[in-house]
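**Q** Encoded as structure tokens, here's the structure I'll be asking about.
The values are calculated or read from the model by the stated rules, or taken from the named source; none is laboratory data. No experiment lies behind these values; they were computed from the predicted model shown. Cβ atoms come from the backbone with ideal geometry, glycine included; neighbour counts cover every protein chain shown. Surface areas here come from the heavy atoms of the whole protein model, side chains and all, with no ligands, DNA or RNA. Shrake-Rupley method; radii C 1.70, N 1.55, O 1.52, S 1.80 Å.
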Amino acid sequence: YRSLLDFSVALGPLNVITGPNGCGKSHVYRALRLLAETAHGGVIQSLAREGGLPSTFWAGPGTLSRGMRAGEIPVQGTVSDGPAQLRVGFAGEDFGYTISLGLVPPGSLGPTAFELDPEIKRETIFSGEFYRPSAALVDRTAAIAKVRQGRSWQVVAQHLPMFESLFNHLADPSQAPEVLRVRDAIGGW
């Protein structure tokens, strides 16, 4: 997210972030705010207020050299040639959640008339503090959402809007109770 690349921090009930101007303090807050908006169904609107999805992308190089990590060489921005995406998430003792957002592929007949409109590429709810495929409980890829049923998966939605989070559509306590628990946890931030 913006100046934060592969950033992870343990948070408690009260957190104070300090540092010099321009080090990314407000980016931590904005990333958390964006993540919280998923629970309220407003992640796409929140991105629009931020200046659009491209304004949230990491502008630095794809990999950081040893000299950059040591502070010997300044980190310079580059133009990415790969697919642009933003991934944010959180993990707690019980559940974790990630969301990946990207742009509508050029030339595709997506549900939008604007090529810079973001769409949700993937959302995952998993058990425990770390994501691994075997811990996934709910997995949404593009417009299809599925819920783990024992050792297999059950498709529970096939036409989710690409601009709305699964929290807006999978709020059935009997079918996917994990969705409600995670939505309530994020909504309480």
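**Q** Output the 0 to 90 degree angle, nearest 10, between the alpha-carbon long axis of helix 25-39 and the longest principal axis computed from the alpha carbons of the chain.
**A** Between helix and principal axis, roughly 10 degrees.
**Q** Using only the alpha-carbon atoms of segment 1-62, report the extent along each of the three principal axes, biggest first, to the nearest angstrom.
**A** 33, 29, 20
**Q** Using a/c under 1.5 as the rounded threshold, could you call segment 121-189 rounded, prolate or oblate? The axes a ≥ b ≥ c are square roots of the C-alpha gyration tensor eigenvalues, and prolate needs a/b larger than b/c, oblate otherwise.
**A** Rounded, because the longest to shortest axis ratio a/c is under 1.5.
**Q** At 222 nm, what value in deg cm²/dmol follows for the chain if DSSP H runs of at least 4 each add -39500 (n - 2.57) and the sum is divided by all its residues, to the nearest 500?
**A** -6000 deg cm²/dmol
**Q** Taking Cα extents along the principal axes in Å as the quantity of interest, determine which of (i) 44, 33, 32; (ii) 54, 44, 30; (iii) 48, 47, 24 was computed from the displayed structure.
**A** (ii)
**Q** So what is the relative contact order of the chain, in percent, for Cα pairs below 8 Å that sit 6 or more residues apart?
**A** 18
**Q** Can you list residues from other chains, or at least 5 along the same chain, whose modelled amide H is less than 5 Å from the amide H of Ala84?
**A** For Ala84, the qualifying residues are Leu103.
**Q** Residue by residue, what Karplus-based ³J(HN,Hα) values in Hz, rounded to whole numbers, does segment 120-131 have, using 6.51, -1.76 and 1.60 with θ = phi - 60° and x for Gly and Pro?
**A** Residue by residue, segment 120-131 yields 7, 8, 7, 9, 9, 10, 9, 8, x, 8, 9, 6 Hz.
**Q** Now, a different point. Placing unit charges on C-beta atoms (Lys and Arg positive, Asp and Glu negative, everything else neutral), compute the dipole magnitude of the chain about its Cα centre in debye, rounded to 20.
**A** Around 260 debye, computed over the chain.
**Q** Moving to a separate point now. So if each residue of separation counts as 0.36 nm, and I subtract the Cα-Cα distance between Gln45 and Ala143, what length gain in nm does that give? Kindly include the intermediate steps, with their values, before the conclusion.
**A** Working: separation 98, 0.36 × 98 = 35.28 nm, distance 1.88 nm.
Using 0.36 nm per residue and subtracting the Cα-Cα distance, I get 33.4 nm.
**Q** I've got another one for you. Per residue, how much accessible surface does segment 8-53 expose to a 1.4 Å probe? Answer in Å², no decimals.
**A** On a per-residue basis, 62 Å².
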